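*Asks:* Structure below; questions to follow.
The values are calculated or read from the model by the stated rules, or taken from the named source; none is laboratory data. Only a predicted model underlies this, so the values are computations on that prediction, with no experimental measurement involved. Neighbour counts are summed over all protein chains in view; Cβ atoms, including those assigned to glycine, are modelled from backbone coordinates with ideal geometry. To get the accessible areas, we keep the full protein, side chains included, count just its heavy atoms, and leave off ligands, DNA and RNA. Shrake-Rupley method; radii C 1.70, N 1.55, O 1.52, S 1.80 Å.
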Amino acid sequence: MNDSVIPPGEVHLWWARVSEAEPHLDRLRRTLNSEELERAARFRVEGAARRFIVARAVLRSLLGRATGVDPEDVVFAFGEHGKPRLAAGGPFFNASDTGDFVVVALASTELGVDAEVIRPLARRKQLVRRICTQHELAAIESVPEAERDAAFLGLWTCKEAALKAVGTGLSGGVRNIEIDLRPDGPPQLHRLRGEVEGWTLVRATLSPEVVCTIVVRGDGPQVSIRPWNFQST
Ligand SMILES: CC(C)(COP(=O)(O)OP(=O)(O)OC[C@H]1O[C@@H](n2cnc3c(N)ncnc32)[C@H](O)[C@@H]1OP(=O)(O)O)[C@@H](O)C(=O)NCCC(=O)NCCS
């Protein structure tokens, strides 16, 4: 499979488990630059540092492969709100990490990706009130109680993927995005900063433990989901 070029209309989604990277950590760490290593050292929680190292190393490896340079030679530039891109040009990409998972999506057009491990949410009611529009609130409440945490986390990934796609991150305002959570089909982007033209939202199923959403410029992308192999890369 040639991964160096992402054809128009395709999204290549790679995912890895941080725990599987354990035997390879030293090698992965060596691909990070000094700023990234300093950032890793600032994490107070050991697991968070490890997750950052693995996520950044997988990202560097994929982008190196896509642009024909070694992973350590990949140079990032950053948007106004911190969205990374390739300084020398190349495929568009975005990344997310959650629990034991890191996710990287590449495409030939701008995109955002967000993943969340499905888990019980102690403060779901408050979160729903703070984050959801009236329309979304009604959709969440129509789901059986036992499924509401998962439904909310799914909605959250839709909003965050959209805000990451446009590059603002959360500073773009979670209520500026409205998601149509339909009981009979996949969620749809209903409002994205007032306009949805030109963006498509897609759910990606990479593991039953995780909900993952991609928002990409263009319509109806074909998404291929690929597990990362630390042994061979
Ligand atoms: C960016 C943001 C959405 C990330 O949310 P999160 O749930 O913590 O993290 P995720 O794992 O889903 O995504 C993190 C990745 O998104 C990417 N990212 C960072 N900023 C981004 C942005 N503005 N837009 C899109 N993607 C962004 C990076 O690859 C980042 O990986 P890293 O933390 O390993 O560098 C959130 O932190 C945010 O909105 N921050 C506010 C943006 C801002 O104003 N930042 C000020 C610092 S310059």
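*Asks:* Being within 16 Å of the chain's Cα centre (by Cα) and part of a helix (DSSP H, G or I) narrows it down to one residue among ALA57, ALA41, ALA49; which is it? Give the derivation first.
*Replies:* Numbers: ALA41 fails: within 16 Å of the chain's Cα centre (by Cα); ALA49 fails: within 16 Å of the chain's Cα centre (by Cα).
Checking each option against the conditions leaves just ALA57.
*Asks:* Now, a different point. How many residues are within 9 Å of the ligand (Cβ to nearest atom) and part of a loop (DSSP other than H, G, I, E, B) if we restrict to region 75-89?
*Replies:* Counting residues in region 75-89 that are within 9 Å of the ligand (Cβ to nearest atom) and part of a loop (DSSP other than H, G, I, E, B) gives 5.
*Asks:* Another question, if that's okay. For region 96-113, does any single residue satisfy the condition of being farther than 24 Å from SER232 by Cα, under 13 Å from the mean Cα position of the chain (by Cα) and acidic (Asp, Glu)?
*Replies:* Filtering region 96-113 down to residues farther than 24 Å from SER232 by Cα leaves 108-113.
If we keep only those that are under 13 Å from the mean Cα position of the chain (by Cα) as well, we get 110-113.
Remaining after also requiring acidic (Asp, Glu): 110.
Among the residues of region 96-113, at least one is farther than 24 Å from SER232 by Cα, under 13 Å from the mean Cα position of the chain (by Cα) and acidic (Asp, Glu), which makes the answer yes.
*Asks:* On to the next question. Could you say whether any residue in region 144-156 is more than 16 Å from the ligand (Cβ to nearest atom) and touching a Pro at 6+ places or on another chain (Cβ under 7 Å)?
*Replies:* First pass over region 144-156, keeping only residues more than 16 Å from the ligand (Cβ to nearest atom): 144-151.
Those left that are additionally touching a Pro at 6+ places or on another chain (Cβ under 7 Å): 149.
Yes: region 144-156 contains one or more residues that are more than 16 Å from the ligand (Cβ to nearest atom) and touching a Pro at 6+ places or on another chain (Cβ under 7 Å).
*Asks:* Here's something else I'd like to know. So, in region 99-110, how many residues would count as being on the phi < 0 side of the Ramachandran plot and surrounded by fewer than 21 Cβ atoms within 10 Å (Cβ to Cβ)? Working first, answer last.
*Replies:* Initially, region 99-110 is screened for residues on the phi < 0 side of the Ramachandran plot, giving 100-110.
Those still in the list that are surrounded by fewer than 21 Cβ atoms within 10 Å (Cβ to Cβ) too: 100, 108-110.
The number of residues fulfilling the criteria is 4.
*Asks:* Is it true that ALA107 is farther than 21 Å from LEU28 by Cβ and free of Cβ contacts under 8 Å to residues at least 24 places away in the same chain? Break it down into steps so the answer makes sense when it comes.
*Replies:* Values: farther than 21 Å from LEU28 by Cβ: yes; free of Cβ contacts under 8 Å to residues at least 24 places away in the same chain: no.
No.
*Asks:* In region 90-118, which residue that is assigned to a loop (DSSP other than H, G, I, E, B) and either aliphatic (A, V, I, L, M) or out of contact with any Ser or Thr (no Cβ under 9 Å at 6 or more places or on another chain) (or both) is farthest from the ligand (Cβ to nearest atom)? Give the derivation first.
*Replies:* From region 90-118, those assigned to a loop (DSSP other than H, G, I, E, B) are 90-91, 99-100, 108-110, 118; that's our starting set.
When the remaining residues are screened for being either aliphatic (A, V, I, L, M) or out of contact with any Ser or Thr (no Cβ under 9 Å at 6 or more places or on another chain) (or both), the result is 99, 108-110, 118.
Details: GLY99: 11, SER108: 17, THR109: 14, GLU110: 10, ILE118: 15 Å.
Going through the qualifying residues, I end up with SER108.
*Asks:* I need the strands (runs of 3 or more DSSP E) fully contained in region 183-233, keeping only those with at least 2 residues that are in contact (Cβ under 8 Å) with a residue 60 or more places away in the chain.
*Replies:* 199-204, 210-217, 222-227
*Asks:* Now for a separate question. Need pairs with beta-carbon distance below 8 Å; first residue in the same structural domain as ALA105 (by TED's automatic domain parsing) and under 13 Å from HIS12 (Cα atoms) and within region 54-71, second in a helix (DSSP H, G or I) and open to solvent by 10 Å² or more (accessible area, probe 1.4 Å); sequence gap 6+ or separate chains.
*Replies:* Qualifying pairs under 8 Å: LEU63/PRO71.
*Asks:* Working only within region 119-155, note down all residues that are more than 23 Å from THR168 (Cα to Cα), assigned to a helix (DSSP H, G or I) and among the hydrophobic types (A, V, I, L, M, F, W, C).
*Replies:* Across region 119-155, the qualifying residues are LEU137, ALA138, ALA139, ILE140, ALA146, ALA150, ALA151.
*Asks:* Moving to a separate point now. Taking region 157-173 as the search range and keeping residues that are at pLDDT below 95 and open to solvent by 30 Å² or more (accessible area, probe 1.4 Å), which one is farthest from the ligand (Cβ to nearest atom)?
*Replies:* Going through the qualifying residues, I end up with VAL166.
*Asks:* Select from region 60-74 the residues that are outside any helix (DSSP H, G or I) and under 20 Å from the mean Cα position of the chain (by Cα) and list them in ascending order.
*Replies:* Just the residues of region 60-74 that are outside any helix (DSSP H, G or I), to begin with: 68-70, 74.
Matches in region 60-74: VAL74 only.
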